């Protein structure tokens, strides 16, 4: 029973995760299953211990009755009552056989209890290992989900169209830069031409300003 449980749990951990859509849900489901199995196993141990104790009590009761009939048979024999002694000896053998049967059953039950305890201890260790690994596995599952979404997003993007759009924006910016540079250059050239064209008149104005200043 417990070997089957451990095999199922091991298969779920090492093989089942790759076949499920939600590994985190599988982890929680596996832990809940193990908790249920542990509860059942512990209950089975209690029942087996109770059964073993019952066999042990029945054995002791049969041994007590066996001893009692032996004494009664001896007393009847010593009193010359062989028929009573014979009857007591028959019952003594009956209780002797019952004591032997219950002794064997008690021994088997105690061995089974020990085996169950070993298997439950193994299952508890597996359960604790899974609980300890649960958070790390969930973290890995989360990272895998994020990476998968990123890859999906990257594949869904038309990289060529995005490149063309950025190229178009870059061309527009370059065009504005050229227009701004051309405008600045035109303004400079126009002012330079104005200074050259009106140079004589400028000199006359300067001369007038000097005369006014002297007077």
| task | Could you list, in sequence order, all residues of segment 20-39 that are out of contact with any helix residue (DSSP H, G or I) (no Cβ under 9 Å at 6 or more places or on another chain) and either assigned to a helix (DSSP H, G or I) or closer than 28 Å to residue 87 by Cα (or both)? | result | 25, 32, 36, 39
| message | Kindly evaluate residue 69 against the criterion of being out of contact with any strand residue (DSSP E or B) (no Cβ under 6 Å at 6 or more places or on another chain), part of a helix (DSSP H, G or I), surrounded by fewer than 13 Cβ atoms within 10 Å (Cβ to Cβ) and in the same structural domain as residue 27 (by TED's automatic domain parsing). | response | no
| query | Which residue, of 144, 106, 153, is at pLDDT 90 or above and in a helix (DSSP H, G or I)? | reply | 106
| task | Run down 125, 57, 149 and say which single residue is in the same structural domain as residue 38 (by TED's automatic domain parsing), loosely packed, with under 15 Cβ neighbours inside 10 Å and under 25 Å from residue 32 (Cβ atoms). | result | 125
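The values are calculated or read from the model by the stated rules, or taken from the named source; none is laboratory data. Please read these numbers as outputs of a predicted model, since none were measured by experiment. Backbone-built Cβ (ideal geometry, glycine too); neighbour counts: all protein chains shown.
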